Every structure is written in C-alpha cells, then in structure tokens.
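A.B. asks: First, the structure itself, so that you have it in front of you.
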Amino acid sequence: MRKGILAATTLAIFLVFSFGAAWSQTSGEAGRDTFRLTHIESFEPFAVVENGTSKGLTVDILTEALARVGFKVVFAAQPQEKEQEMVLKGEADGLSFFAINAERKKSFDFSDPYLMTGGALFVKSPAPPCNSLKGLDGRTVATPLKGPLAGYIKKNFPEVRVFTDVKDYKSTLQAVLDRKADAAALNTQVGAVLARGSFPGKFSLPEKGFLEIPIGVAVAKGKNGDFLARFNKGLEAIMADGTYDRIIAKWGVPATTKPPKE
C-alpha cells in the first residue's frame, strides 16, 4: 500500500514538473519554437473546434506560414470577451484573428495583414454582383441588428433603408429571397460560405466588400517582436508559392480575402 502511495506521489510530482517545464518553454521569447494563439470559440470559416482540434481558414494560413520559419502553433478557443485580457496578462502569446486599427495599436503590436475581411453585399441571382452601397439610396439592405454593419450603414449611407428584423445570417439571406430586402450585408467570408452552402446558385456573390478591414496576428505591445517578424516572412513565402491561394480556395472564400500587395 505504501509503495503504491509512494509511486502515485512520485508520478504526480513528475507530471507537475514536466508540464511546468513544458509550459515555461513557451513563456519567454528566446529559444522558442511554439507559440500559443487564441481564436474565437466558433467563427466559421475562420476558426472552429471539431473533436478538440482547431480548424479553419485562419488556422490553416497561420500554421502554414509559421511552419515555413520553423515555428509551431498551439491554438486555444476562447470566448471573444476574454481573448485580449489573456494576451495582455501573458496567459497566451497572441490573438490569431484581430482587426488592425489605430486604437488597438496603442496596446498591441500587429503582424502584416494576412487577410482582408469586412462587409459585403449579397444579391439575388441572376442580378450582377453588387460591390458598393453607393447607388442603393432608397433601397433596402438586410443585416442583423447586433452586428457591426447596421450601424456602419446607417451612419455612412443614411439614404439606404436598413432591415434588421432578422435573427442570424441565414435569415438575412432568406429575407432577400423573400423580397423583404434588395441585398444582404454580411461578413465577406462568412456570407460567401453560407450562401454557397445553404442557398446554392441563388445569390450573386460580391467581387469585393463595401467595407474592408485588415486582419493580423496581435501580441502585447513590446513583446514577441521576433515572432511577428518571422511570421511576416512565412506569410510572404506562402503567398509567393501559391499555398495561400490554395488555402482560400479550399475554404470557398472570395479571392479578395488575400491582402493587396503594398
């Protein structure tokens, strides 16, 4: 009995020190080859957890880019409201999907943009693609009230009627088919994947978004600068050899997902 207790205690101590050492290897920048990045719990097609594994457009792009420069990445799905705090407290090394803007640059350093997202318009086929809100004065655009696009449209295009009596993206697209709206304003990539999957052939997909937002990897300001620099090199490599194009084709998102060359 005493031998069993001793063995169990020895094992417990071994596990504590083993996992503590493995975790500490990712707590400082020098000599590191593995980084911990968070992503929103369920944000298809960018990132989603299936059977305990993170998958998605963002996951594929970051994994491939970092592999080119000898880095591994561990993804952790987190509630959106907790992501920033985890990075600023050092509980994670970075956010895998974070919109780049001047306000956020006060607290975070960013990689080069690795994709463009934002808002796009989806109209019923066979109408031609609609890429701009200009010219929609007096017409109706459907979009969820809780999303960011309703406020943007009301502020910047006050002559466009905004229909928000929809509960989600699918019902927003359905509102267009039911002639309650002339177009649906949705996230560029999420809308494209949903339109193709749930309403095949019924929508003309946008060629570009009416609102374009650059997305990058974000780390706490002043930390992990070498990681960002090497990620940028890896990103450049997969864009140059066609890997990036194959990834966005795999996930069925528009070609405009790819950031323009500076």
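A.B. asks: Does Leu228 satisfy the criteria of being surrounded by fewer than 22 Cβ atoms within 10 Å (Cβ to Cβ), touching a residue at least 24 places away in the same chain (Cβ under 8 Å) and hydrophobic (A, V, I, L, M, F, W, C)? Step through it out loud before you land on a result.
C.D. replies: On the way: surrounded by fewer than 22 Cβ atoms within 10 Å (Cβ to Cβ): yes; touching a residue at least 24 places away in the same chain (Cβ under 8 Å): yes; hydrophobic (A, V, I, L, M, F, W, C): yes.
Spelling it out, Leu228 is indeed surrounded by fewer than 22 Cβ atoms within 10 Å (Cβ to Cβ), touching a residue at least 24 places away in the same chain (Cβ under 8 Å) and hydrophobic (A, V, I, L, M, F, W, C).
A.B. asks: What are the residues in region 116-126 that are surrounded by fewer than 20 Cβ atoms within 10 Å (Cβ to Cβ) and of a type outside the set (A, V, I, L, M, F, W, C), if any?
C.D. replies: Residues satisfying the conditions are Lys124, Ser125, Pro126.
A.B. asks: Could you list all residues from region 228-243 that are touching a Lys or Arg at 6+ places or on another chain (Cβ under 8 Å) and under 19 Å from Phe75 (Cβ atoms)? Write out each step before concluding.
C.D. replies: Within region 228-243, the first condition is being touching a Lys or Arg at 6+ places or on another chain (Cβ under 8 Å), and the residues that meet it are 233-234, 237-239.
Correct list: Gly234, Ile238.
A.B. asks: Going through Pro113, Pro144, Pro148, Pro129 one at a time, which residue ends up being crowded, with 18+ Cβ neighbours inside 10 Å and under 20 Å from Thr257 (Cα atoms)?
C.D. replies: Working: Pro144 fails: under 20 Å from Thr257 (Cα atoms); Pro148 fails: crowded, with 18+ Cβ neighbours inside 10 Å; Pro129 fails: crowded, with 18+ Cβ neighbours inside 10 Å.
Among Pro113, Pro144, Pro148, Pro129, only Pro113 is crowded, with 18+ Cβ neighbours inside 10 Å and under 20 Å from Thr257 (Cα atoms).
A.B. asks: Examine region 201-218 for a residue that is touching a helix residue (DSSP H, G or I) at 6+ places or on another chain (Cβ under 8 Å), part of a loop (DSSP other than H, G, I, E, B) and within 25 Å of Val87 (Cβ to Cβ), and state whether such a residue exists.
C.D. replies: Looking through region 201-218, none of the residues is touching a helix residue (DSSP H, G or I) at 6+ places or on another chain (Cβ under 8 Å), part of a loop (DSSP other than H, G, I, E, B) and within 25 Å of Val87 (Cβ to Cβ).
A.B. asks: Going by the structure shown, is Glu83 more than 23 Å from Asp178 (Cα to Cα), touching a helix residue (DSSP H, G or I) at 6+ places or on another chain (Cβ under 6 Å), of a type in the set (D, E, K, R) and not in a loop (DSSP other than H, G, I, E, B)? If you could, list the steps in order and put the result at the bottom.
C.D. replies: On the way: more than 23 Å from Asp178 (Cα to Cα): yes; touching a helix residue (DSSP H, G or I) at 6+ places or on another chain (Cβ under 6 Å): no; of a type in the set (D, E, K, R): yes; not in a loop (DSSP other than H, G, I, E, B): yes.
Here the answer is no, as Glu83 does not meet what is asked.
A.B. asks: Return only the number of the condition from (1) among the basic types (Lys, Arg); (2) at pLDDT 95 or above; (3) farther than 22 Å from Ser125 by Cα that Lys223 does not satisfy.
C.D. replies: Unmet condition: (2).
A.B. asks: Any idea which residue in region 45-80 is nearest to the chain's Cα centre (by Cα), counting only those that are in a loop (DSSP other than H, G, I, E, B) and surrounded by fewer than 16 Cβ atoms within 10 Å (Cβ to Cβ)? Write out each step before concluding.
C.D. replies: So the first thing to find is which residues in region 45-80 are in a loop (DSSP other than H, G, I, E, B), and the list is 45-46, 51-52, 56, 68-71, 79.
Retained after the next criterion (residues that are surrounded by fewer than 16 Cβ atoms within 10 Å (Cβ to Cβ)): 51-52, 70, 79.
Values: Asn51: 20, Gly52: 18, Gly70: 23, Pro79: 13 Å.
Of everything passing the filter in region 45-80, Pro79 is nearest to the chain's Cα centre (by Cα).
A.B. asks: The conditions are (1) in contact with a helix residue (DSSP H, G or I) (Cβ under 9 Å, 6 or more places away or on another chain); (2) outside the structural domain of Ile40 (by TED's automatic domain parsing), and Phe157 fails exactly one of them. Which is it?
C.D. replies: So Phe157 meets the others, but not (1).
A.B. asks: Given (1) crowded, with 21+ Cβ neighbours inside 10 Å; (2) assigned by TED's automatic domain parsing to the domain that holds Ala249; (3) without any contact (Cβ under 8 Å) to a residue 60 or more places away in the chain, where does Glu103 come up short, assuming only one miss?
C.D. replies: Every listed condition holds for Glu103 apart from (1).
A.B. asks: Keeping to region 188-217, report how many residues are touching a Ser or Thr at 6+ places or on another chain (Cβ under 8 Å) and closer than 26 Å to Asp93 by Cβ.
C.D. replies: The qualifying residues number 5.
A.B. asks: On to the next question. Just to be sure, is Thr143 in contact with a strand residue (DSSP E or B) (Cβ under 6 Å, 6 or more places away or on another chain), within 15 Å of Leu211 (Cβ to Cβ) and not hydrophobic (A, V, I, L, M, F, W, C)? If you could, list the steps in order and put the result at the bottom.
C.D. replies: Values: in contact with a strand residue (DSSP E or B) (Cβ under 6 Å, 6 or more places away or on another chain): yes; within 15 Å of Leu211 (Cβ to Cβ): yes; not hydrophobic (A, V, I, L, M, F, W, C): yes.
Yes: the conditions hold for Thr143.
A.B. asks: On to the next question. Among the residues of region 81-97, count how many are surrounded by fewer than 23 Cβ atoms within 10 Å (Cβ to Cβ) and not aliphatic (A, V, I, L, M). Break it down stepwise before answering.
C.D. replies: The first filter runs over region 81-97 and keeps only residues surrounded by fewer than 23 Cβ atoms within 10 Å (Cβ to Cβ), leaving 81-82, 84-86, 88-91.
After this cut, where a residue has to be not aliphatic (A, V, I, L, M) as well, the list is 81-82, 84-85, 89-91.
Qualifying residue count, region 81-97: 7.
A.B. asks: Please go through region 203-218 and pick out each residue that is buried (at least 24 other Cβ atoms within 10 Å of the Cβ) and farther than 13 Å from Met116 by Cβ.
C.D. replies: Phe203, Val217, Ala218
A.B. asks: Now for a separate question. Taking strands (runs of 3 or more DSSP E) that do not extend beyond region 100-195, which have at least 3 residues that are farther than 26 Å from Asp245 by Cα? First the steps, then the outcome.
C.D. replies: Values: elements: 108-110, 115-124, 140-142, 161-163, 183-187.
Fully inside region 100-195 and qualifying: 140-142, 161-163.
A.B. asks: Go through region 238-262 and report how many residues are under 20 Å from the mean Cα position of the chain (by Cα) and assigned to a helix (DSSP H, G or I).
C.D. replies: So the count comes out to 13.
The values are calculated or read from the model by the stated rules, or taken from the named source; none is laboratory data. Please read these numbers as outputs of a predicted model, since none were measured by experiment. Note that we place each Cβ from the backbone using ideal geometry, even for glycine, and neighbour counts take in every protein chain shown.
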